[in-house]
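Nothing in this text is a laboratory measurement; each read-out follows from the coordinates by a stated rule. Bear in mind that the values here come from a model prediction, so they are computed numbers and not experimental data. Backbone-built Cβ (ideal geometry, glycine too); neighbour counts: all protein chains shown.
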Protein chains: 2
Amino acid sequence: MSIRISIDAMGGDQAPYVIIEGLARIVEDFKDITFQIYGSDAEVLPLLKNHQKLQSVSTFIPTTEIISADTKPSAAVRGFKDSSMRQAIMAVREKRADGVISAGNTGAYMALAKIILGTLEGIDRPAITGLVPSIVGPKVMLDLGANVDVNPQNIIEFSLMGVAFAKIVLQLKNPSVGLLNIGSEELKGNAVLQVAQQMLRSTKCLENYYGFIEGDDISKGTVDVIVADGFMGNISLKTMEGTARLMSHFLRQAIEQSLLSKVGALLARPALKFVKNKLDPSKYNGAPFLGLKGIAVKSHGGTDIAGFYNAVMVTADMIRQNINQNISNMILEFSHKLKEDESSFHLSVKGAS
Amino acid sequence: MSIRISIDAMGGDQAPYVIIEGLARIVEDFKDITFQIYGSDAEVLPLLKNHQKLQSVSTFIPTTEIISADTKPSAAVRGFKDSSMRQAIMAVREKRADGVISAGNTGAYMALAKIILGTLEGIDRPAITGLVPSIVGPKVMLDLGANVDVNPQNIIEFSLMGVAFAKIVLQLKNPSVGLLNIGSEELKGNAVLQVAQQMLRSTKCLENYYGFIEGDDISKGTVDVIVADGFMGNISLKTMEGTARLMSHFLRQAIEQSLLSKVGALLARPALKFVKNKLDPSKYNGAPFLGLKGIAVKSHGGTDIAGFYNAVMVTADMIRQNINQNISNMILEFSHKLKEDESSFHLSVKGAS
């Protein structure tokens, strides 16, 4: 059976060009993926014409509105009924597609996806989930910015969803989980993290719970799934991006300083390329909104063709492996364990009295 | 008049060696700095013997206890009466020294400094303050981990203290300030940041308030003073450290891959050294606890001699320029402006009714 993905062709800095080219590459490599492409006919059709194969496995649905980077989420929810973003999400809701991808306005996309698709039973807050580089390979991190204020239950939901995602994209049997904190000692951090850790330990709902981790554990690769609220997750991710750019900047600046350095850099070019490749953002592109009734993946707005290709791969993997069924099962198991835990707690309190 | 600094010689990974050697270098370069050195006589005296000049401008006070990295802050506060850390702080309280430096246990040092020195009038929470690298040079960032939960007033205190520090260490007349957030738009973030920004704007207590900044603005150098709660500040700082190490690791790994790369790296050695130097942690060593009645500076526990030297320089600069008087003046001015603001608010409400 083929995998059907609906595409918002109008979101992102270089839409629809980068998007259509990315899809064209996918259909060269995979036979089981088909697309429903939503966008402006004047802009998309000329691009599609160049790709016979893509045309043959796609349906193009013209839309008349575009949600831009400046559109407020509230405005996107109220209006823009015939926008490519909304229509692409609707395809998932109406079971005409198995998943949706947009490189557009993150806030608007999250708001629309939440309202149109709804959240999975037992999930209070969906989370933006992504891959981050570490010394031992990519790791999963969430929430990257959807939820500014969270409670302990949300942190546990993020942990379970992160595990489900890590199993699929990192192909791990038993991913380890850590909560991002300001120290690894048991008593560090705020009340939300304290209670969340206590619940994770007492319910044993994660097979491989590591404990608290610190900021530098992210790139050390201490755990497979890094869990944080959207505030910390977002700031941490952007700090990483900034620091990587800072080091590249210093390196370029240093190399320019002398002829010898320039020659050296030329000789070490494959090495520098290796580093660049290790941190290549397109390899990390494709951030799912986990916890929704339906698969919705966010591509970086500034992505290139290889990056959009990667976002499609992530989406297809999640569909193939039925991630939402996995998440639902884990959530159900957790609520059972929580109830058991509470009743044993009640029993022990009764026994004590 | 000479600057008198009290030194906890027993804190840090390589104490007292790195500390005594750092002080010895200082007295070679500066004539107006004297020291009171607190520590174990068996360990410190043999080191001091090698440095005639340092001995001649220092007093050594033997202490019998050591607060280690594992000592809990609560235990440090209750016991360890004759510890080098406590005694060194006491010297500031009793006006026998103008500032104190320790490379020991941060939590214990902050707890003791807070209790022994007390906070400046108008300051609710002292903050750990440090320098971080950016494309346009070092910038000031606080709080780096002292305060997990903060209110808007604390954020404003941090802003004012950060400006006072930036004026001294970065030698800026009018440092710009940004609040670390998940987006630069006015409505982004949590209630604490929203209210803090509103108060900063309405009281105009900062001459050069920029607004909200994001994680990648830190290394871009968008503002001179980056203000965050201790949670975000700490995670962000450690994420930076981790990412820098990650990139160095990939670079080393890449260079090892071929003879050509190795030759290239050899030729580009001055360039690589330049980058290393730009990010050298010893240049950033010396993190004051701002907001205390007395100057207390934390050195990194893993610092080297050059790093400890730098921490002494930071301390001496703060003493020379009377940072606490500056902070007190700014706090006073702010509370006046806040009152004016409130009374004008009341007036306008009355006028409206």
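Distance cut-off 28 Å, Cα to Cα: go down the list A:81/A:283; B:31/B:95; A:278/B:298; B:95/B:204; A:188/A:283 and report the pairs above it.
Too far apart for the 28 Å limit: A:81/A:283; A:278/B:298; B:95/B:204; A:188/A:283.
List the distances, in nm and shortest first, from the label point of residue B:249 to the matching label points in every other copy, placing each point 7 Å from Cα along the Cα-to-Cβ direction.
The projected label point of residue B:249 is separated from its counterparts by 2.4 nm.
Quick one: label points 7 angstrom along Cα→Cβ at residue B:94, distances to the other copies in nm, smallest first?
Label point to label point, same position, other copies: 8.3 nm.
I'd like the FRET efficiency for residue A:207 and residue A:59, computed as 1/(1 + (r/R0)^6) with the beta carbon distance as r and R0 of 30 Å, rounded to 0.05.
Working: r = 42 Å, r/R0 = 1.40.
That pair, residue A:207 with residue A:59, gives E of 0.10.
Rank these for me by crowding, B:27, A:195, going from fewest to most other beta carbons within 10 Å.
Going from least to most buried by this count: A:195, B:27.
Which cross-chain or sequence-distant (5 or more) residues have an amide H under 5 Å from the amide H of residue B:295, H modelled 1.01 Å from N in plane?
B:100
Fully extended, how many nm does the chain gain between residue A:29 and residue A:17 (0.36 nm per residue separation, minus their Cα-Cα distance)?
On the way: separation 12, 0.36 × 12 = 4.32 nm, distance 1.90 nm.
Contour length minus Cα-Cα distance gives 2.4 nm.
Give a residue-ordered list of calculated ³J(HN,Hα) values for region A:3-11 (Karplus: 6.51 cos²θ - 1.76 cosθ + 1.60, θ = phi - 60°; whole Hz; x for Gly, Pro).
Coupling constants for region A:3-11: 8, 10, 10, 9, 10, 7, 7, 9, x Hz.
Add +1 for every Lys or Arg and -1 for every Asp or Glu among the other residues with Cβ under 13 Å from the Cβ of residue B:172, and state the total. If you can, show how the numbers build up before the last one.
On the way: positive: B:139, B:167, B:173; negative: B:207, B:224.
Charge balance in the 13 Å sphere: +1.
Can you run phi through the Karplus equation (6.51, -1.76, 1.60; θ = phi - 60°) for region B:189-197 and list ³J(HN,Hα) in whole Hz, with x for Gly and Pro?
3J(HN,Hα) across region B:189-197, in whole Hz: x, 9, 5, 4, 5, 4, 5, 4, 4.
What value in Å³ per residue do you get for the convex hull of the alpha-carbon atoms in the protein assembly as shown? Kindly include the intermediate steps, with their values, before the conclusion.
Details: hull volume 149.9 nm³, N = 706.
Roughly 212 Å³ of hull volume per residue.
Tell me the distances, shortest first, between residue A:332 and the same position across the other copies, using label points 7 Å along Cα→Cβ, in nm to one decimal.
Result, one decimal in nm: 6.9.
Using the alpha-carbon centroid of each, what span in Å lies between region A:304-330 and region B:54-96?
57
What is the calculated FRET efficiency for residue B:42 to residue A:283, with r their C-beta to C-beta distance and R₀ = 56 Å, to the nearest 0.05? Intermediate results must be reported in sequence, preceding the final value.
Details: r = 56 Å, r/R0 = 0.99.
Computed FRET efficiency for residue B:42 and residue A:283 comes out at 0.50.
Which length gain, in nm to one decimal place, applies between residue A:149 and residue A:186 when the Cα-Cα distance is subtracted from 0.36 nm times their residue separation? Show your work: numbers first, answer last.
Details: separation 37, 0.36 × 37 = 13.32 nm, distance 2.18 nm.
Extra length from residue A:149 to residue A:186 when fully extended: 11.1 nm.
Mind giving me the nanometre distance, one decimal, between the label points for residue B:170 and residue B:276, set 7 Å out from Cα along Cα→Cβ?
2.8
Where Lys and Arg each count +1 and Asp and Glu each count -1, what net charge lies around residue B:16 among other residues with Cβ under 10 Å from its Cβ?
Working: positive: none; negative: B:8, B:21, B:43.
Net of charged neighbours comes to -3.
Dividing the convex hull volume of the Cα atoms of region B:97-241 by its residue count, what figure in Å³ per residue is obtained? List each step's numbers first, then the result.
Working: hull volume 17.2 nm³, N = 145.
It comes to 119 Å³ per residue, whole-number rounded.
For residue A:33, what residues show an amide H to amide H distance below 5 Å, using hydrogens built from the backbone and excluding near sequence neighbours?
Residues meeting the criterion, in which the H sits 1.01 Å from N, are A:3.
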